[in-house]
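Notes follow once the structure below has been shown.
Read-outs throughout are calculated quantities, based only on the coordinates presented, and are distinct from any laboratory measurement. These figures come from a predicted structure and were not determined experimentally. Cβ sites come from the backbone with ideal geometry, for glycine too, and all protein chains shown count toward neighbours.
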């Protein structure tokens, strides 16, 4: 999965030393291992959706499809960031209604 995003490639043009360090981290995170490539793409997709990276979501969902992901799988993956991000306001909203002891 170690195709470097355009912003990382731009870094390489101006700071080779830091580029080398960043790409090593990317390679370590994305290389084949205990977790298969499609799952790693799904995790990245959920994280990019969580942080609001429009381009990342487009690129990663395309890659997931190339790896055989179905529409249903992508839909399920994209429920996760909503669950994580959406839970916080629901939890906080409970504070408006103190529990009676």
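Couple of notes before you dig in:
- Peptide ranges 71-80, 6-15 listed from the most packed, as the mean C-beta count within 10 angstrom indicates: 71-80, 6-15
- Considering all different alpha carbon pairs of region 3-101, the Kirkwood hydrodynamic radius works out to 15.8 Å.
- For the chain, the mean residue ellipticity at 222 nm estimated from helices alone is -24500 deg cm²/dmol, where every DSSP H run of n ≥ 4 contributes -39500 (n - 2.57) and the total is divided by all residues, rounded to the nearest 500.
- Spin-label model, residue 90/residue 25: points 7 Å from Cα along the beta carbon direction are separated by 3.2 nm.
- Cα→Cβ-extended label distance, 7 Å offset, between residue 15 and residue 83, nm: 3.6 nm
- Spin-label pair residue 97-residue 7: with each label point 7 Å from Cα along the Cα-Cβ axis, the two points sit 3.9 nm from one another.
- Proxy reagent accessibility, fewest Cβ within 10 Å first, across 58, 92: 92, 58
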